[in-house]
1. Would you be so kind as to identify which of GLY13, VAL110, MET61 lies farthest towards the positive end of the dipole of segment 1-133, taking Lys and Arg as +1 and Asp and Glu as -1 on Cβ and the Cα centre as origin?
2. Using the per-residue mean of other Cβ atoms lying within 10 Å as a proxy for protection, in what order, highest first, do the peptides 131-142, 99-110 fall?
3. Assigning unit charges at the beta carbon (Lys, Arg +1; Asp, Glu -1) and nothing else, what dipole magnitude in debye, to the nearest 20, does segment 48-94 show about its Cα centre?
4. Using a 1.4 Å probe over the heavy atoms of the protein chains, calculate the carbon and sulfur portion of the accessible area of segment 18-116 as a whole percent.
5. Rounded, prolate or oblate: which fits segment 35-89, taking a ≥ b ≥ c as square roots of the Cα gyration tensor eigenvalues, rounded meaning a/c under 1.5, else prolate when a/b beats b/c?
6. Rounding to the nearest 20 debye, state how big the charge dipole of the chain is about its Cα centre with +1 on each Lys and Arg Cβ and -1 on each Asp and Glu Cβ.
7. Once you have a ≥ b ≥ c as the square roots of the Cα gyration tensor eigenvalues for the chain, tell me rounded if a/c is under 1.5, and otherwise prolate or oblate according to whether a/b is larger than b/c.
8. What ³J(HN,Hα) values, in whole Hz, does the Karplus curve 6.51 cos²θ - 1.76 cosθ + 1.60 give for segment 112-122 when θ = phi - 60°, with x put for Gly and Pro?
Amino acid sequence: MTDDHRVGPPSFGSERETLRAFLDFHRATLAMKCEGLTDEQLREKSMEPSALSLLGLVRHMAEVERAWFRRTFEDRDAPMVWSEEIDFQAAYDASASSRAEAFTAWEAEVETSRRIVRDAGSLDLAGYQPRWGEEVSLRMVMVHVLLEYGRHNGHADLLREGVDGTVGA
């Protein structure tokens with residue numbers, strides 16, 4: 001990994017700014033875990049029978065961003081990125097994927113998510129989560145996606161160490 005260029009969340013700030021900053025911090029953490037690796041290294045699986053790889057995590061998080069921001073607040077019928085069905089597991093199969101493909105999709109979804117957060121008048125903005133069949137607030141979505149990143153960045157720590165021995169933030 002290269003130097004740590006992540007911007008940490010503020011010690012004080014509004015609820016929206018704190019949630020936004022933590023999301024961006026975790027997004028930057030996932031990108032940092034992938035820095036300096038070849039496509040082949042990014043596709044290295046953790047262990048049999050798991051399909052989990054760093055590239056698979058990037059693809060999965062593109063699906064998460066789409067499902068929880070775009071599909072909830074803008075277009076509930078938007079197709080998933082890598083599956084015809086709503087199948088988050090399909091994204092983990094990165095065997096034919098490349099850094100360019102995965103990161104282009106993920107970065108586009110992140111930008112859409114940032115725009116939705118930026119344009120929302122309130123964290124109480126209600127959206128419809130089609131998988132659950134109920135309305136949810138932007139606040140709840142931001143916290144949920146933060147939890148997804150936290151869990152998967154833990155996986156990324158272990159995957160990166162397995163690829164080239166690199167540990168740390």
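The values are calculated or read from the model by the stated rules, or taken from the named source; none is laboratory data. All values derive from a computational prediction rather than experimental measurement. All Cβ positions, even for glycine, are placed from backbone atoms using ideal geometry, and neighbour counts span all protein chains on display. We work out accessible area using only protein heavy atoms, side chains counted, and drop any ligands, DNA or RNA first. Shrake-Rupley method; radii C 1.70, N 1.55, O 1.52, S 1.80 Å.
1. Projecting each Cα onto the dipole axis, the largest value belongs to GLY13.
2. Taking the mean over residues of other Cβ atoms within 10 Å, the ranking is 99-110, 131-142.
3. With only Lys, Arg, Asp and Glu charged at Cβ, the dipole is about 200 debye.
4. Result for segment 18-116: 50 percent of the exposed heavy-atom area is carbon or sulfur.
5. prolate
6. On the way: 20 positive and 31 negative charges, 77 e Å.
Rounded to the nearest 20 debye, it is 380 debye.
7. Since a/c reaches 1.5 but b/c is at least a/b, the shape of the chain is classed as oblate.
8. 4, 4, 4, 5, 4, 5, 4, 7, 5, x, 7
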